[in-house]
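Below is one structure, written out as structure tokens, with a few remarks after it.
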Amino acid sequence: MGSVLWIYFPLIMMLNSCKSPQNMVNYSSDQRGLKDFYQSYFSIGVALGMKDLAGNAVPLIKKQFNSITAENAMKMASLQPREGVFYWKEADSIINFAQRNGIKVRGHNLCWHEQAPDWLFKDHEGKEVTKTVLLQRLKTHITAVVSRYKGKIYAWDVVNEAIDDDPKEYLRKSKWFQICGEEFIVKAFEYAHEADPDAKLFYNDYNTERPEKRERIYKLLKSLKDKGVPIDGIGLQAHWSVQEPGEDELRTAIESYSSLGLNIQLTELDISIYPWEKNKRARRPGESDVFTPELEKAQRDKYAMVFKIFRQYKNVITNVTFWNISDRYSWLDNYPVAGRKNYPLLFDGHFQPKKAYQEVINFKD
Ligand code: GLA
């Protein structure tokens, strides 16, 4: 047995080395991370919370990323849960961590229909407030938050997800829209720009590559540009799946938005192993959540394709941010299907790079 191994071992090693691309990186000895491989393209970010900064993901964060986004800590309900009562602790820790480590911060977000506290929309008697009052509250919030982090946050998602889910509708019938009409969008950008004229201001949304939604978003962005609203870019959330977007859809979206003179950031990238779904539902009997070799391959191919396109459009893409660090935890575990695990990121549950990681860093262009 021993001598048989002696004969076959060099052969096996040789075959194995043939399988690996020449520039295959040995992860543990290579000091470079995503941010280094993409240094001449765009910054690479990750969304995280305070608990991540106290945990064992810190070396991975520092090695891989040069931009961070607060997963929840800078949303309206987190920062101002009651009128005039601001809770800065978690957001401040994220900023401090970034500053200590020379990492940039994207602010997320200033105005959204979700995770917005109820008090915003009601007066002391519980009645709906007027447009004047709501816009004043929006201004107070945006001014407080953007001024506090002036010079420390280089870009803000100003308005998140204002387009309706129904393709036949235009703007979402949120409380913001019901009380203020379209104007809340314009005002949010103006207030943010007044508070920090140097911050880059983004409109952020999902399914931005689906043709019908792309057209509605284009219409909104064009109307903002035509009105002279201070908007610098669009955030494509990029909550994608192994099925979508297709290469052409992604290219068309990038070209269409950038034709308005806007920068593009991929703000919340993950590639789910399941088809895109939004409405919460129970897990179906027999519904598997195994990360099969076929799904792994489909995910690798999708990551390779989207990063190839990102590189090709580096003149308009200024950042790519992943939504969460590794498959150990992602918001897509349990969402929208309770009890179902997902594997959407480049690092596995042990913080090790997946094969998809190799696809992203091994490029020749
Ligand atoms: C949207 C929001 C994010 C986050 C994700 C889910 O994409 O923009 O802030 O809440 O949903 O985690």
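Considering (1) open to solvent by less than 30 Å² (accessible area, probe 1.4 Å); (2) within 13 Å of the ligand (Cβ to nearest atom), the lone condition that Ile44 does not fulfil carries the number (2). Of the residues making up region 94-104, at least one is modelled with pLDDT of 95 or more and within 16 Å of the ligand (Cβ to nearest atom). Scanning region 129-146 for residues that are in a helix (DSSP H, G or I), farther than 24 Å from Gln237 by Cα and either of a type in the set (Val, Ile, Thr) or under 23 Å from the mean Cα position of the chain (by Cα) (or both) gives Thr132, Val133, Thr140, Thr143.
Please verify whether region 185-192 includes one or more residues that are within 16 Å of the ligand (Cβ to nearest atom), more than 23 Å from Lys278 (Cβ to Cβ) and hydrophobic (A, V, I, L, M, F, W, C). Within region 185-192, one or more residues are within 16 Å of the ligand (Cβ to nearest atom), more than 23 Å from Lys278 (Cβ to Cβ) and hydrophobic (A, V, I, L, M, F, W, C).
For region 250-291, residues that are under 30 Å from Val105 (Cβ atoms), away from the ligand (no atom under 16 Å from the Cβ) and either open to solvent by 30 Å² or more (accessible area, probe 1.4 Å) or not β-branched (Val, Ile, Thr) (or both) total 12.
Whenever a residue of region 323-335 is aliphatic (A, V, I, L, M), its partners that are open to solvent by less than 30 Å² (accessible area, probe 1.4 Å), lying with C-beta atoms within less than 6 angstrom and at least six residues away or across chains, give the pairs Ile325/Val46; Ile325/Ala57; Leu332/Ser272; Leu332/Asn342; Leu332/Pro344.
Which of the residues that make up region 81-128 are touching a helix residue (DSSP H, G or I) at 6+ places or on another chain (Cβ under 6 Å), open to solvent by less than 40 Å² (accessible area, probe 1.4 Å) and part of a loop (DSSP other than H, G, I, E, B)? Ala116, Pro117 - these are the residues of region 81-128 that are touching a helix residue (DSSP H, G or I) at 6+ places or on another chain (Cβ under 6 Å), open to solvent by less than 40 Å² (accessible area, probe 1.4 Å) and part of a loop (DSSP other than H, G, I, E, B). Number of residues in region 140-169 that are on the phi < 0 side of the Ramachandran plot, open to solvent by 70 Å² or more (accessible area, probe 1.4 Å) and either within 16 Å of the ligand (Cβ to nearest atom) or in contact (Cβ under 8 Å) with a residue 40 or more places away in the chain (or both) equals 4.
Just one of the listed residues (Ile61, Ile12) is among the β-branched types (Val, Ile, Thr) and at pLDDT 95 or above, and it is Ile61.
Scanning region 326-344 for residues that are open to solvent by less than 20 Å² (accessible area, probe 1.4 Å) and away from the ligand (no atom under 11 Å from the Cβ) yields Ser326, Asp327, Val337, Arg340, Asn342, Pro344.
The sole residue among Gly181, Gly235, Gly246 that is crowded, with 22+ Cβ neighbours inside 10 Å and over 21 Å from Ala144 (Cβ atoms) is Gly235. Within region 210-248, the residues that satisfy the criterion of being within 16 Å of the ligand (Cβ to nearest atom) and assigned to a helix (DSSP H, G or I) are Lys213, Ile217.
The values are calculated or read from the model by the stated rules, or taken from the named source; none is laboratory data. The model shown is predicted, which means the values in this text are computed figures rather than measured ones. A quick note on method: Cβ atoms are made from the backbone with ideal geometry, for glycine too, and the neighbour counts reach across all protein chains shown. Heavy atoms of the whole protein, side chains included, go into the accessibility calculation; ligands, DNA and RNA do not. Shrake-Rupley method; radii C 1.70, N 1.55, O 1.52, S 1.80 Å.
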